[in-house]
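Please read the structure below before turning to the comments.
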Amino acid sequence: MTEVLLEIDNLSVDYETGRGDLKALRNISFSLNKGEIVGIVGESGCGKSTLISSILRLTAPNTRFREGEVRFKGRNLLNISEQDMRSLRGSDISIVFQDPMQTHNPVLTIGRQMLDIQHRSSATKAEKLHRAAEMLSAVGIPDPQARLKQFPHEFSGGMRQRIAIAMALMSEPDLLIADEPTTALDATLEVQIIEHLRSLQQDMNCAVLFISHHLGVIAELCDRVVVMYAGAVVESGDVREIFGNPKHPYTRRLIDCDPGHIKERARVLPTIPGEVPDLANLPKGCIFRERCDQAMPRCTASVPPLQTIAEITGHRAACWLNHEEMAS
Amino acid sequence: MTNSRSELTQIVVGIVRDPLGLVGLLIVGSIVFCAIFAAWIAPYDPVAMNIQARLEGPSLAHPLGTDQLGRDTFSRVIMGSQVALKVALPAVFGAMFIGLALGMIAGYGPKWLDNLLMLLFDTLRSFPTVMFALAVVALVGPSLQTVVLVVMATSIPTYARVARTQTLSLRNSEFILAERAMGASVFRILGVHMLPNIIGVLAVLAAMDIPTVIALEAGLSFLGLGVKPPTPSWGALLKDGYALIRQTPWLVVGGGLPVILATLGFTFFGETMRDVVDPKLRKQR
Amino acid sequence: MSLLQVQDLKTSYGKVNVLAGVSFQVEPGETYALVGESGSGKTTVIRAIAGLAPAQHGSVKFNGMEIRGASERKLRPLRKDIAMMFQDPVGSLSPRLTVGRLITEPYKIQGMKDRDLNLEAKRLLEMVNLPSHFADRFPYQLSGGQARRVGVARALALEPKLILADEPTAGLDVSVQGELLNLLNDLRERLGLAMVIITHNLNVVRHVADRMGIMYLGRLVEEGTTEEIFRASRHPYTRCLLSANSEPDPDARLERIALKGEPPSLLTRPHGCEFRERCPFAHSGCERVPVWEVENGHGLRCLAPLTS
């Protein structure tokens, strides 16, 4: 039976700025089941970073939670105490960041850092070191015992990212947030990271929230996908549904744009002209309207709600086109 | 959009918006105002003696009392701001510009020149300011110019080092490489592309340095090595006040308060400016 | 005569030889892609061509003229013909200058005082499809895609014959990437530009490059027309790179050729074939040093070549 682990329920987050409130996230809703890999796809300005910092409650001082809840195992993370939150971070919820070159403390050995993050455990130092070595070999670092004595600069970028994954999974978290973990790496290393992530995820049965703008990686790794655009969820559902039968024009065109999709040399590549709208000064109606080639008068009139399209696959999309289709 | 406003206006707006910056700006502004219009603001001639009114406490006629020669302390404080700025501004800005030029040359030039200049800076910096001042005063005698010169010579290395570090870090940035790839001359790279990115940091440093220099001038004058009497300087006031502290505390207050205020004002101003000059930081505010 | 001819280019920093002899040519109007993992030396190659990185050995001929190690004075007139684009779209723009000043800088640097800079700025912005009021913006006010277009406008200001572009699509969103590639393709055709593009994104290469060279540890290991490389590459490393490309399709059957480990350190180059330790197809014969062999315009440095 699937059990919901993380549930983002109608979350709206603003940033107070000199130009007025920047509406970074608007009515975000999606959930993540135990042991599931959910991908969040979105380009710059879609609100990925705000979402992650909201889940971890590591937000900037000018952040305002306007409405909604972030429920983790049934508890609303937005109103538990700072102490409770701290004990969740790094043990139940872990994170792997984008830039492997800045993740580690440069003046401590990898072994030291891997010991430090086990501070909650009552095991002996030898046991902790053994566990650290085990994790390193699980992510494919050869000769882990010796490598524990080395400093971060003695590892390549790909290795550092694998170490970061090892460290994040050391506490056997229920949820791993992977924030563009392969963006800074070459494609060959990206493949390695994905493979390790997948096999470890299966061994530990932890859920992964995988954030990336790289459609190919999302398609390869994830069970379900949430597509975000300019601070809103525009489509979500099973990975095959999203890639095979996209129901939102943004999703559709984003997939079209991916050059991995186009096998023959193209004279003109597809694009989505225009820019992400200013979130401090939201346009009326659908957020994607200005860049959408299928916009109708209705799209200006009001914001389309995220509506269920197929109950079985949980496919949902926020577009008036689907309403028209269903009506007719 | 904000880009219709000039960068200077944005900096001023940024400073005024921050409460600390506003306080700093007000204090700095009033010191500058006092210095410029000292002759009109001061109710009495700051060097006019009145033996009948010696060492008086505060009154309506003399808000901060009078000194041992019956001179009006308030008028001397006001006139003292002139001396303070006459020393601080040329010394700090002189040091800043010379330091900036030398630092950028050291950072962008060949390695041997960098080594040579760094040796020079380190040598200069190893002199303790007060000792150095004593030596120079002994040689050329106490005067306003001497104080300016001493302060300048000892603070050039600080500015140069900061300018050098900034230059070094910018040197390999992509936008400088891009300029080199277009064939931009060294002068163009340093003047048009590096300077605007370095000067902000130095200006902040300078703003925070001004109170130090004002205090130093006061200190040197206190030791009798700075401005010669009867010129009213805050340091000279403090010195007189120190000697007469049993008779009247008002001289010390008159000399000390402006030094403290100036220090706080310029520091607040400088710190706010540091956050405001960076266009990227400004965007986030 | 080739527009650009690079012959046995070698660069080392102390004991680390970053480039161990790179040779290739670019014809007028042609787009050549240099592909490889980070650390393969591809960035050093174009920086060495532009005189921004040292090259102790070899030759770089532009229009038949030797420019390796040339003085800045000798290079300056050539800077009109060779423009460069750097990786970071925003970071390669001087942060305190407006877009208008940035894109007209080449005229000032080349001392073209007779130009009306406002007019030129307008023309250049139009060329890269940016509205003319962008001339007043600062780099930090631009999105990645806009900043990249400003970079293109600046590179095109003096109507160069050759553009050296370092990861031109790095840091761009997928939806904007195509826009930039279309722009480059279009400008190339209209202006007859030749380009050297560096990238690790093979999906991009396919749509812009005529020919491509694959680099490993500071050497070319394979070279051919883009079409040929994608269809019938022979070097195992090229195959690995090609197979690492993902597709936005969950049911795509990816025949991955797993690459073992990571690129070795340049300080301890392996003996024999330098790819041997990571190569899934290596055999005992690979302990010899492979030589560069060219057959029908297809270059290869491999002792265990694959057949299609």
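What follows draws every value from the coordinates through simple rules; no lab data is involved. Quantities reported herein were computed from a predicted structural model and do not represent experimental measurements. Counting neighbours? That spans all protein chains shown, and the Cβs are built from the backbone with ideal geometry, glycine included.
So in the protein assembly as shown, what percent of DSSP beta bridges are antiparallel if you round to the nearest 5? Mind showing how you got there, number by number?
Numbers: 58 of 95 bridges.
Around 60 percent antiparallel, to the nearest 5.
Given DSSP loops and a limit of at most 11 other Cβ atoms within 10 Å, what is the longest stretch of chain A that contains no such GluC sites (Glu not before Pro)?
Working: sites that count: A:GLU3, A:GLU264, A:GLU311.
Answer from the scan: A:4-263.
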Phi to ³J(HN,Hα) by Karplus 6.51 cos²θ - 1.76 cosθ + 1.60 over the stretch C:43-57, Hz, x for Gly, Pro: 5, 4, 4, 6, 5, 5, 4, 7, x, 9, 10, x, 9, 7, 9
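Taking only DSSP H segments of four or more residues, each worth -39500 (n - 2.57), what value at 222 nm results for chain C once the sum is divided by all its residues, to the nearest 500 deg cm²/dmol? Could you put the intermediate results ahead of the total?
Numbers: 9 runs with 87 residues, N = 308.
Roughly -8000 deg cm²/dmol at 222 nm, from the helical runs in chain C.
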Between helix C:144-156 and chain C: long-axis angle, C-alpha atoms, 0 to 90°, nearest 10: 80 degrees
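Using DSSP to define loop residues, name the trypsin sites (Lys or Arg not before Pro) in the stretch A:10-58 whose beta-carbon has at most 15 other beta-carbon atoms within 10 Å.
Values: sites: A:ARG19, A:LYS23, A:ARG26, A:LYS34, A:LYS48, A:ARG57; in loops: A:ARG19, A:LYS34, A:ARG57.
For trypsin sites (Lys or Arg not before Pro) across the stretch A:10-58 that sit outside H, G, I, E and B with at most 15 neighbouring Cβ atoms in 10 Å, the list reads A:ARG19.
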Most fluctuating residue given options A:GLY47, A:GLY237, A:GLY216, as computed from a GNM of chain A linking Cα atoms under 10 Å: A:GLY216
Cα extents of the protein assembly as shown along the three principal axes, largest first (Å): 110, 70, 67
Relative compactness, the stretch B:75-266, computed as alpha-carbon Rg over 2.2 N^0.38 Å: 1.23
³J(HN,Hα), Karplus 6.51/-1.76/1.60, whole Hz, each residue of the stretch A:296-306, x for Gly, Pro: 10, x, 4, 5, 7, 5, 8, 6, x, x, 6
Computed log₁₀ I(q)/I(0) - Debye formula, equal Cα scatterers, no solvent, chain C, q 0.13 Å⁻¹: -0.96
Sparsely packed trypsin sites (Lys or Arg not before Pro) within the stretch C:201-308, loop by DSSP, other Cβ within 10 Å at most 16: C:ARG253, C:ARG256, C:LYS260, C:ARG288
Neighbour-count ranking [beta-carbon atoms within 10 angstrom, fewest first] of A:THR188, A:THR17, A:THR2: A:THR2, A:THR17, A:THR188
Local net charge near B:SER185, Cβ-Cβ under 13 Å (Lys/Arg +1, Asp/Glu -1): +3
Coordinate range along principal axes, alpha carbons of the stretch A:83-222, Å, largest first: 43, 36, 25
Local electrostatic count at B:PRO142 - Lys and Arg +1, Asp and Glu -1, tallied over other residues with Cβ under 14 Å: +1
Residue of B:ASP240, B:ASP45, B:ASP67 that the Gaussian network model of chain B assigns the largest fluctuation, springs spanning Cα pairs under 10 Å: B:ASP45
Exposure proxy ranking, count of Cβ atoms within 10 Å, fewest first, for C:HIS298, A:HIS196, A:HIS315: C:HIS298, A:HIS196, A:HIS315
Value of [θ]222 nm, deg cm²/dmol, for chain B, DSSP H segments ≥ 4, -39500 (n - 2.57) each, nearest 500: -24000 deg cm²/dmol
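To the nearest whole number, what is the average tally of beta carbon atoms from other chains within 10 Å of the beta carbons of peptide A:181-191? Could the numbers behind the result be given before it?
Values: counts 0, 1, 1, 1, 3, 12, 13, 15, 7, 4, 10.
Other-chain Cβ atoms within 10 Å of each residue's Cβ, averaged: 6.
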Candidates B:GLY255, B:GLY109, B:GLY241: whichever shows maximal mean-square fluctuation once chain B is modelled as a Gaussian network with Cα springs under 10 Å: B:GLY109
Low-density loop positions, trypsin sites (Lys or Arg not before Pro), the stretch C:113-151 - DSSP coil, at most 12 other Cβ in 10 Å: C:LYS113
Unmatched cysteines, chain A - criterion: no other Cβ of a Cys under 4.7 angstrom: A:CYS46, A:CYS206, A:CYS222, A:CYS257, A:CYS292, A:CYS319
For residues of A:269-279, the mean tally of beta carbons on other chains within 10 Å: 4
Rounded to whole Hz, the Karplus (6.51, -1.76, 1.60) HN-Hα couplings of the stretch B:34-45, x for glycine and proline: 4, 5, 6, 9, 3, 4, 7, 6, 4, x, 10, 6
Fewest-first ranking of B:VAL77, B:VAL148, B:VAL201, using other Cβ atoms within 10 Å as the exposure measure: B:VAL201, B:VAL148, B:VAL77
